[in-house]
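Here's the structure we're looking at; comments come further down.
The values are calculated or read from the model by the stated rules, or taken from the named source; none is laboratory data. Predicted model only: the values in this text are computed from it and were never measured. Glycine gets a Cβ as well: all are built from the backbone with ideal geometry, and neighbour counts include every protein chain shown. Calculation scope for accessible area: heavy atoms of the full protein, side chains included, ligands and nucleic acids excluded. Shrake-Rupley method; radii C 1.70, N 1.55, O 1.52, S 1.80 Å.
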Amino acid sequence: MPSQGLPSNYQVVLLDIEGTTTPISFVHDVMFPYVSNNICEFLDKKRDDPNIKPYIADLAKQSKEDAANGVEGVVVIDQDASQEEDVKRRVIKNVLWQMGIDRKIAPLKNFQGLMWKDGFANGELKGL
């Protein structure tokens, strides 16, 4: 049966996962903890992937803006740090801090989305 009102040349139908295709609890009970529990391994695995660098740069830029604006608790990410492990540690602390205060800003959401995409692609995350 042909769909009514939809163009015949569409390639993607995007649905909001939260409460549409999956219970809202899945996001809070599975997806958020996935980031918290796997961020260290994710950063280790993607260390040399050039696609991750813009996400880290956005988090770093946001952290510096937060510090300049006096945001309490911010963990500044210095990408120029001489120790790669220090950068990784700061990224982890920054992301966990932002998640802990339930921030809804693009650098965090984009980074989480990158991790979720990887998790679904490698089978570690599965929809209900």
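Can you report the number of residues in region 99-128 which are more than 12 Å from the chain's Cα centre (by Cα), assigned to a helix (DSSP H, G or I) and at pLDDT 95 or above? Break it down stepwise before answering.
First, the residues of region 99-128 that are more than 12 Å from the chain's Cα centre (by Cα): 100-102, 120-128.
Now drop any that are not assigned to a helix (DSSP H, G or I), which leaves 100, 120-121.
Adding the requirement that they be at pLDDT 95 or above leaves 100.
So the answer is 1.
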Of (1) more than 14 Å from V35 (Cα to Cα); (2) in contact with an Asp or Glu (Cβ under 9 Å, 6 or more places away or on another chain); (3) of a type in the set (S, T, N, Q), N110 fails just (1)
Looking at I52 and the list (1) hydrophobic (A, V, I, L, M, F, W, C); (2) in contact with a helix residue (DSSP H, G or I) (Cβ under 9 Å, 6 or more places away or on another chain); (3) at pLDDT 95 or above, which single condition is not satisfied? (3)
Selection from region 84-124 of residues that are open to solvent by less than 30 Å² (accessible area, probe 1.4 Å), hydrophobic (A, V, I, L, M, F, W, C) and free of Cβ contacts under 8 Å to residues at least 12 places away in the same chain: none
Can you name the residue in region 24-40 that is in contact with an Asp or Glu (Cβ under 8 Å, 6 or more places away or on another chain) and modelled with pLDDT of 95 or more and is also nearest to I56 (Cα to Cα) among such residues? N38
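Does Y55 satisfy being under 18 Å from the mean Cα position of the chain (by Cα) and open to solvent by 30 Å² or more (accessible area, probe 1.4 Å)?
On the way: under 18 Å from the mean Cα position of the chain (by Cα): yes; open to solvent by 30 Å² or more (accessible area, probe 1.4 Å): yes.
Yes; evaluated as a whole, the condition is true for this residue.
Any residue at all in region 68-79 that is of a type outside the set (S, T, Y) and assigned to a helix (DSSP H, G or I)? If you could, list the steps in order and put the result at the bottom.
Taking region 68-79 first, the residues of a type outside the set (S, T, Y) are 68-79.
Narrowing further to those that are assigned to a helix (DSSP H, G or I): 68.
Yes, region 68-79 contains at least one residue that is of a type outside the set (S, T, Y) and assigned to a helix (DSSP H, G or I).
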Scanning region 78-98 for residues that are modelled with pLDDT under 95, more than 15 Å from C40 (Cβ to Cβ) and touching a helix residue (DSSP H, G or I) at 6+ places or on another chain (Cβ under 8 Å) gives D78, Q79, A81
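Against the definition (out of contact with any helix residue (DSSP H, G or I) (no Cβ under 7 Å at 6 or more places or on another chain) and open to solvent by less than 40 Å² (accessible area, probe 1.4 Å)), how does G127 come out, yes or no? Full working, then the answer.
Numbers: out of contact with any helix residue (DSSP H, G or I) (no Cβ under 7 Å at 6 or more places or on another chain): yes; open to solvent by less than 40 Å² (accessible area, probe 1.4 Å): no.
For G127, the condition - out of contact with any helix residue (DSSP H, G or I) (no Cβ under 7 Å at 6 or more places or on another chain) and open to solvent by less than 40 Å² (accessible area, probe 1.4 Å) - is not met.
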Every residue from region 35-67 that is part of a helix (DSSP H, G or I) and among the acidic types (D, E): E41, D44, D58, E65, D66
Can you pull out every residue in region 60-83 that is over 19 Å from A106 (Cα atoms) and open to solvent by less than 40 Å² (accessible area, probe 1.4 Å)? A81
